[in-house]
1. Limited to the range 387-431, what total is found for residues that are surrounded by fewer than 17 Cβ atoms within 10 Å (Cβ to Cβ) and within 17 Å of Q491 (Cβ to Cβ)?
2. Only residues in the range 100-118 that are free of Cβ contacts under 8 Å to residues at least 40 places away in the same chain and surrounded by fewer than 18 Cβ atoms within 10 Å (Cβ to Cβ) count as the first member; pair them with residues that are among the charged types (D, E, K, R) and part of a loop (DSSP other than H, G, I, E, B), Cβ under 9 angstrom, at least 6 apart or cross-chain, and list the lot.
3. Take L110 and decide whether it is of a type outside the set (G, A, S) and modelled with pLDDT of 90 or more.
4. Here are some residues: V379, V449, V349, V341. Which one is among the β-branched types (V, I, T), more than 30 Å from F511 (Cβ to Cβ) and assigned to a loop (DSSP other than H, G, I, E, B)?
5. If you go through the range 500-507 one residue at a time, do you hit one that is part of a strand (DSSP E or B) and either buried (at least 18 other Cβ atoms within 10 Å of the Cβ) or modelled with pLDDT under 95 (or both)?
6. Do the conditions hold for I399, that is, is it assigned to a strand (DSSP E or B), within 28 Å of E275 (Cα to Cα) and among the hydrophobic types (A, V, I, L, M, F, W, C)?
7. Regarding the range 459-470, can at least one residue be identified that is in contact with a Phe, Trp or Tyr (Cβ under 9 Å, 6 or more places away or on another chain), surrounded by fewer than 19 Cβ atoms within 10 Å (Cβ to Cβ), modelled with pLDDT under 95 and not assigned by TED's automatic domain parsing to the domain that holds M298?
8. Within the range 70-85, track down each residue that is under 29 Å from P234 (Cα atoms) and either at pLDDT 75 or above or buried (at least 17 other Cβ atoms within 10 Å of the Cβ) (or both).
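The values are calculated or read from the model by the stated rules, or taken from the named source; none is laboratory data. Source: prediction; values computed, not measured. Here the Cβ positions follow ideal geometry from the backbone for every residue, glycine too, while neighbour counts run over all protein chains shown.
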Amino acid sequence: MKKILKVLISRIAIICLLFGVQIAALILLTLKISRTYVFFYSFLEIFSICVVLYITSSHTNPSHKLTWVVLILIFPLFGGILYFMLSVSRATKGFRKRINVSKAETINLLEQDEAIIGRIRRLDTGIAAQCNYISNMGFPVYKNTQTRYFDSGEEFFVSLIENIKKAKKFIFIEFFIINKGIMWNTVLSVLEQKVKEGVDVRIIYDDAGCLNRLPHKYYEKLRSKGIKCCVFNPFSPIPEIRLNHRDHRKIIVIDGYIAYTGGINLSDEYINVKEKYGHWKDAAVLVKGEAVWSLTAMFLQLWSFISGQENGCGRKNNQEDYNKFRTFKSDFCDSDADEFVQPFSDSPVDDEAVGENIYLNMILRAKKYVYIFTPYLVVDHTMIKALRLAAKSGVDVRIVTPHIPDKWYVFLVTQSYYPVLLEAGVRIYEYTPGFLHSKAFLCDDELAVVGTINLDFRSLYFHFECGIFLYKTSSINEIREDFLKTFPICQVVTLEDCKKVNLPRRILQAFLRLFAPLM
């Protein structure tokens, strides 16, 4: 009873209730006025038709267009109004402007060494083009960088604690989810000690990701301990599109020499201390060397953006000298090895789906194989076509998804994509020990991406994400070993399995597919 009461009076329950009340009030008010005034009814229908025409002529993803067009046609009276409340917002313009201002503060500090691109071009012109694309998005490719791949949260956690204990100057932490428990409490105790030693400790956490995990205004508690803290995009019951833009990134930077990113959040299920959906499989990568600077800059960009709004930072933004957090080329040993590392970020406000484009380029340039870890498979026609084309061209395309889902409705949509991929020769595996949360691409023993980007619409279009593009690094062998030892413990999905799905389940999948671009 206490647990039920706690849920009912939680912040997330109250926000959802207020959100629902507003939407219900809008619908009821619209219906009441339209029944009383015929001209208003006609106006709303004409307005919805105009909105449909506006949507179809826009440059957004076709799948996203289809979802809104269907919703507006089903609910012509209030569908158009909902679209402008939830998909078009003046706040988005301001949001976009502030993000671009904070990005401009570091853009001149992220310059590409053209000699590195030239070296890659001599090895492979196709991969050089990929690196050049990412570089043009503001993220250079580096040499003189070591990487290590972690195939579990447990390994990552041991390494993380070991390295933050060694911090001398600063620790930057940015996460979608922070949850009280053994993992976070252990990290926090080390951070408290580091603050006492004079280390600059800063934390960014996403308000939606931590909504039912951390107390309201938890940042005040962290600040009282000497930890600087900002909350990204505070959640509110007022419906607007900016609430869709979540900080899904996971970044830790230590002294500018070491950084981590990947799928692992700071919560006990990620290290299998607490079991939620069977065994939790995840992945992360450690970066040590010149490439750490890009991850440092990513953090500072967002820190500048949030601190300028006084959202849980306790101050307005005063632009810092970012060079004091930078390690320069002279700080690292120059290496002749052809190992290239390129951290990148993806933003929903720049109209450039960087993560999706990197994934597509890897799929379409593959000659031997493409192996994929993803917790969700909710993709558009372009991604489906690329995967099918690669498989039909003789490329060994394998996708590993969870067998035990964390969200049943997303899992149903994920499974609804299986038949069209299997028919083309794509091989699909479900991770039977539990829930797979890893996000990794591996191609032809020489290219890989490890990061935070799922194969779903929210990651590809709505969230702030990040990843590490790897070319010829030693960690690629570690990633390959992880795939090869994972396949045998998975359930192989066949077309026959898909044909056995009963009719009610197929109808539900078809219905949920309408809302796939919102997942």
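1. The number of residues fulfilling the criteria is 1.
2. D113/K143
3. Considered against the rule, which asks whether it is of a type outside the set (G, A, S) and modelled with pLDDT of 90 or more, L110 comes out as no.
4. The unique qualifying residue is V349.
5. no
6. So I399 fits the description; yes.
7. So far as the range 459-470 goes, no, none of its residues is in contact with a Phe, Trp or Tyr (Cβ under 9 Å, 6 or more places away or on another chain), surrounded by fewer than 19 Cβ atoms within 10 Å (Cβ to Cβ), modelled with pLDDT under 95 and not assigned by TED's automatic domain parsing to the domain that holds M298.
8. Correct list: L71, I72, F78, G79, G80, I81, L82, Y83, M85.
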